[in-house]
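A.B. asks: Encoded as structure tokens, here's the structure I'll be asking about.
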Amino acid sequence: MFNATDIYSFFSYLICYIGYAYIFKKLGKKMWKAFIPIYNTYELAKGAKRELDGRIQVVLNCIMAISDLVIRFLPESSLVYYIISLFRGTVAICVIVYQARICSGLCEVFGKNKYWVVIWLLFEGLTSLYWGLSKKIQPVITLEEENAADVSGVHVEEIEEGLTINIRERTAMEFFKKKVLLKDLHLTIPKGHLVLLLGGSGAGKTTFLNAVTGYEKADATVLLNGHDLYKEYESMKYDVGFVPQQDLMRPNDTVLMTLEDAAKLRLPGNIDKKERKKRVQEVLEGFGLSMLANNLVEKLSGGQRKRLSIAMEFISDPSLFILDEPDSGLDGVVARGLFEKLRAIADSGKIVIVITHTPDRVADLFDDVIVLAKDVDRTGRLAYYGSLEDARKFFKKDSMEHVLLAVNQKEEGGEGRANEFVKRYTKQMKKAG
Amino acid sequence: MEREIKEVKHKGRIAQTGIYLGKLFRMFIFQSDWKVLPMAAVIAGLVCFVVGNNLFVTMEGTLLGTFALSCICIWNGFFNSIQVICRERAIVKREHRSGMHISSYIAAHMIYQAFLCLCQSVITIQICRMMKVTFPAVPQITASVLVDIGITLFLTTYAADMMALMVSAFVHNTTTAMTIMPFLLIFQLVFSGGFFSLEGFSLKLTNLTVAKWGLTALCTQADYNHLPMVLLWNSAYKLKDIEINLDNKEEITNTVKDELSDVFVDQEVLNEVKDILVAEGIDLDKPLSNEGAEELNLILKREGIDVQIQGKKPVWEVMHYIEENGMRDELLLKSAEFNQNPSYDGGAFNVLKCWSVLILFIAVFSGLSVISLEFIDKDKR
């Protein structure tokens, strides 16, 4: 039943698994996990900080194992044998690629040169044994042992005129595993406020905004002026304007036609044509685009294009207005002008939430700041919500950019104190009830 | 507390289709979309120039020509729409978030693409007429052959167009779309079922291609199975100068004397030539071989007599005989009878069947476009 190749494979795997066991020990994992075929690759990948690659590798290895088993029972000349062999060959290429990724992660964790990846791929058993037994090879990056902040359990009371956000959790499935993207965000934003949304890359800013608008639903309750945005999404979505970071407009259409089509889509269907045209003209004038009405979008400057993109959403006069980095690519003067316009919109009784990475040049215009940060589980959490003045005191920083640096991860050049602030703010929330 | 929900109606699906249709036609007039029409004319002109002479005239010419016409349709259809959705996918996502109905967006594209395909089909027919392509005499469905063939060209182009639209809706960027397109194109051409001989499973696969149904409809409309087949005649014509090697086959052929009598009608010249050849040691009663004919030609040329004495050419003689007796056309039709394709039989019924399948393709492809684009919100940021 077993031939010489099978016996050779068995001993190769055994050597490899012994090596894995000692590597696991160095990584603070249980050694016996190294002897569970296929699963041990996942544990190794987790240790190499390549968890997703590990999960994919497990699936690929399962496919390989099943196809190996199936072709043992097939005659070599059959069409099915040929097809499965071809498929297996393709999967084997993927296995090598993912193995290389995991080995690359291991090199990072153990502070070794990336050339080791090649040695790992060619002589996996011996390399794992050497890495496991050698005292010279020790991990240089350790996994965070700090605990994530507790859930506050707070549920903020609904406000009549404004936005009430109670996000318990926002999850997504990532390759068979549930991932928590956001957790425990509770806040209320009164009408007429211009709010700054601050957070490092991957902190969940856009996920938070999508959850707030109901575009990507979370385990949450979001009320806008008393209306449930989730339950009444189809009618309420016209009351929410979302301006994306990129200027997503057809470049070969004119400014006027772009705005007219936006008006046709976003304004109520029974609105008079005359009234619609009047609204288009008002918005054109309001955003300083009247003179450019017949210009093609592709001919506009960055600032003009951004204003048009905002105007497209503003045409329906939404109560909640959200802008994702509206000042990206704009110089200071133009950006300031744009934020002053947003301040005016907020003053007209709207709620305006803005993401920006250069908040300090316009900090005086904002009422509040929301600081999002990744906790140790890499979940987006609320690190602070309140006025900018109080935020400076809370973080003991004199500018919003320094606040951002304080919550950013160390590998991003920040101070890596996100978890500390999340814990402190959660405690503060709990205390406040 | 119970609150009043404001019920504001926004533009419905039909009104939104109108908005997008307006946008697309603006792009057609003011931007480069109109360029697909002269491109269709150029492609049709090239194809007619190469295969137009025998299109709808002979069996081989019709198969080659209708295959080329199907290729034009598929090419035009693919190029019309392969990039239209994927190039503005992020914009579509934004507009969908703002209340755009995907079905309206696709419907607008379907109407606009139908207009493009119609224009391209009319242009192709017109170019064929200008290039003096002989169209079939009898219409199958409508009162006009041009309308019949026009409908087939339109449906083939439109089905290919909708297939490309579906690909454009599925993929996320133009690079992927343009990578997939050649594979689809090759699949359509190889599995068209008419031009390449396929068997078994491969033959069944042809049912899934737009090219097969377009080609079948065109061949049926051309009455392919009742056209003459010229392949045999043309091949025989190429063999007309081949002489039988008469070495070792003396009993079946002319002597030198006989051949000379055929070539030289004037008796005096004949006698003079015979004297020359006898003086050169040629045996006039010997059977004339190919090599012998060459030797005679050399001797006579040296003597200043420029004639070509040839060996036996049986193919030419048979062809000459058939033509002299008016049997050529009959032979061509007889030869076609052995090469008929039952798929191209059935007249109007078969044409209607092909059209129905093409319409089904159009419906399926457009439906899949809508379904795939409905998931646009799931796109990664």
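The values are calculated or read from the model by the stated rules, or taken from the named source; none is laboratory data. Here the structure is a predicted model, which means the values were calculated and not measured. So basically every Cβ, Gly included, is an ideal-geometry build from the backbone, and we count neighbours across all protein chains shown.
A.B. asks: Please name all residue pairs, on different chains or six or more residues apart, with Cβ atoms under 7 Å, provided the first residue is in the stretch B:10-28 and is in a helix (DSSP H, G or I) and the second residue is aromatic (Phe, Trp, Tyr) and at pLDDT below 90.
C.D. replies: What qualifies is B:Phe28/B:Trp34.
A.B. asks: Just need a number here: residues in the stretch A:1-27 that are exposed (fewer than 13 other Cβ atoms within 10 Å of the Cβ) and of a type in the set (Ser, Thr, Tyr). Show your work before the answer.
C.D. replies: Within the stretch A:1-27, the first condition is being exposed (fewer than 13 other Cβ atoms within 10 Å of the Cβ), and the residues that meet it are A:1-11, A:14.
Filter once more, keeping what is of a type in the set (Ser, Thr, Tyr): A:5, A:8-9.
The number of residues fulfilling the criteria is 3.
A.B. asks: Tell me yes or no: at least one residue of the stretch A:352-365 is touching a strand residue (DSSP E or B) at 6+ places or on another chain (Cβ under 8 Å) and either outside the structural domain of A:Lys427 (by TED's automatic domain parsing) or small (Gly, Ala, Ser) (or both).
C.D. replies: Start the filter on the stretch A:352-365 by keeping residues that are touching a strand residue (DSSP E or B) at 6+ places or on another chain (Cβ under 8 Å), which leaves A:352-356, A:359, A:363, A:365.
Now restrict to residues that are either outside the structural domain of A:Lys427 (by TED's automatic domain parsing) or small (Gly, Ala, Ser) (or both): A:363.
Looking through the stretch A:352-365, at least one residue is touching a strand residue (DSSP E or B) at 6+ places or on another chain (Cβ under 8 Å) and either outside the structural domain of A:Lys427 (by TED's automatic domain parsing) or small (Gly, Ala, Ser) (or both).
A.B. asks: Kindly list, by first and then second residue, each pair from a residue in the stretch A:333-346 that is over 20 Å from A:Asp368 (Cβ atoms) to a residue that is surrounded by 17 or more Cβ atoms within 10 Å (Cβ to Cβ) and at pLDDT 90 or above, limited to pairs with Cβ atoms under 9 Å and residues at least 6 apart or on different chains.
C.D. replies: A:Val334/A:Lys306
Let's see how each residue does on (1) within 14 Å of the chain's Cα centre (by Cα); (2) closer than 22 Å to A:Ile345 by Cα; (3) outside the structural domain of A:Ser316 (by TED's automatic domain parsing); (4) in a strand (DSSP E or B):
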{"position": "A:Leu181", "(1), (2), (3), (4)": "yes, no, no, yes"}
{"position": "A:Leu187", "(1), (2), (3), (4)": "no, yes, no, yes"}
{"position": "A:Leu197", "(1), (2), (3), (4)": "no, yes, no, yes"}
{"position": "A:Gly202", "(1), (2), (3), (4)": "yes, no, no, no"}
{"position": "A:Glu216", "(1), (2), (3), (4)": "yes, no, no, no"}
{"position": "A:Ala220", "(1), (2), (3), (4)": "no, no, no, yes"}
{"position": "A:Lys231", "(1), (2), (3), (4)": "no, no, no, no"}
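A.B. asks: Would you tally the residues in the stretch A:235-275 being within 11 Å of another protein chain (Cβ to nearest Cβ), assigned to a helix (DSSP H, G or I) and over 29 Å from the mean Cα position of the chain (by Cα)? Even if it seems obvious, please write down each step before you answer.
C.D. replies: Residues of the stretch A:235-275 that are within 11 Å of another protein chain (Cβ to nearest Cβ), as a first pass: A:235-254, A:257-258, A:260-271.
With the extra rule that they be assigned to a helix (DSSP H, G or I), the set shrinks to A:235-239, A:257-258, A:260-266.
Retained after the next criterion (residues that are over 29 Å from the mean Cα position of the chain (by Cα)): A:257-258, A:260-261, A:263-265.
Residues that pass the stated criteria total 7.
A.B. asks: Out of the residues in the stretch A:89-116 meeting the condition of being in contact with a Lys or Arg (Cβ under 9 Å, 6 or more places away or on another chain) and among the β-branched types (Val, Ile, Thr), tell me which one is surrounded by the most Cβ atoms within 10 Å (Cβ to Cβ).
C.D. replies: Restricting to residues being in contact with a Lys or Arg (Cβ under 9 Å, 6 or more places away or on another chain) and among the β-branched types (Val, Ile, Thr), the top hit is A:Ile102.
A.B. asks: Exactly one condition in (1) in a loop (DSSP other than H, G, I, E, B); (2) within 14 Å of chain B (Cβ to nearest Cβ); (3) not hydrophobic (A, V, I, L, M, F, W, C) is not met by A:Gly192; state its number.
C.D. replies: Status for A:Gly192: all satisfied but (2).
A.B. asks: Same structure again: Given the criterion surrounded by fewer than 20 Cβ atoms within 10 Å (Cβ to Cβ) and under 15 Å from B:Ser70 (Cα atoms), identify the matching residue among B:Leu203, B:Leu218, B:Leu198, B:Leu189. Walk me through it before giving the result.
C.D. replies: On the way: B:Leu203 fails: under 15 Å from B:Ser70 (Cα atoms); B:Leu218 fails: surrounded by fewer than 20 Cβ atoms within 10 Å (Cβ to Cβ); B:Leu198 fails: under 15 Å from B:Ser70 (Cα atoms).
Criteria check complete, one pass: B:Leu189.
A.B. asks: Considering only the stretch B:265-381, give the helices (runs of 4 or more DSSP H) lying wholly within it that have at least 3 residues that are among the charged types (D, E, K, R), surrounded by fewer than 15 Cβ atoms within 10 Å (Cβ to Cβ) and without any contact (Cβ under 8 Å) to a residue 12 or more places away in the chain.
C.D. replies: Details: elements: B:267-279, B:290-302, B:314-324, B:328-337, B:347-373.
Here the list reads B:267-279, B:290-302, B:314-324, B:328-337.
A.B. asks: Let me ask something else about it. Take the conditions part of a helix (DSSP H, G or I), closer than 18 Å to A:Ala34 by Cα, among the charged types (D, E, K, R) and touching a residue at least 12 places away in the same chain (Cβ under 8 Å) and apply them to A:Arg101. Does it pass?
C.D. replies: Working: part of a helix (DSSP H, G or I): yes; closer than 18 Å to A:Ala34 by Cα: no; among the charged types (D, E, K, R): yes; touching a residue at least 12 places away in the same chain (Cβ under 8 Å): yes.
No.
A.B. asks: Still on this model: Scan the stretch B:12-60 residue by residue and report those that are acidic (Asp, Glu) and either surrounded by fewer than 16 Cβ atoms within 10 Å (Cβ to Cβ) or more than 14 Å from every other protein chain (Cβ to nearest Cβ) (or both). Lay out the reasoning, then the answer.
C.D. replies: At the first step, the residues of the stretch B:12-60 found to be acidic (Asp, Glu) are B:33, B:60.
Answer for the stretch B:12-60, where residues must be acidic (Asp, Glu) and either surrounded by fewer than 16 Cβ atoms within 10 Å (Cβ to Cβ) or more than 14 Å from every other protein chain (Cβ to nearest Cβ) (or both): just B:Glu60.
A.B. asks: Which one of A:Val280, A:Val240 is among the β-branched types (Val, Ile, Thr) and over 30 Å from A:Glu169 (Cα atoms)?
C.D. replies: Details: A:Val240 fails: over 30 Å from A:Glu169 (Cα atoms).
Going through A:Val280, A:Val240 in turn, the sole match is A:Val280.
A.B. asks: Okay, next question. Go through B:Ile85, B:Ile102, B:Ile111 for me and flag whichever is more than 20 Å from the chain's Cα centre (by Cα), in contact (Cβ under 8 Å) with a residue 60 or more places away in the chain, closer than 30 Å to B:Arg13 by Cα and surrounded by fewer than 18 Cβ atoms within 10 Å (Cβ to Cβ). Don't jump to the end; show me each part of the working.
C.D. replies: On the way: B:Ile85 fails: surrounded by fewer than 18 Cβ atoms within 10 Å (Cβ to Cβ); B:Ile102 fails: surrounded by fewer than 18 Cβ atoms within 10 Å (Cβ to Cβ).
Of the residues listed, the single one that is more than 20 Å from the chain's Cα centre (by Cα), in contact (Cβ under 8 Å) with a residue 60 or more places away in the chain, closer than 30 Å to B:Arg13 by Cα and surrounded by fewer than 18 Cβ atoms within 10 Å (Cβ to Cβ) is B:Ile111.
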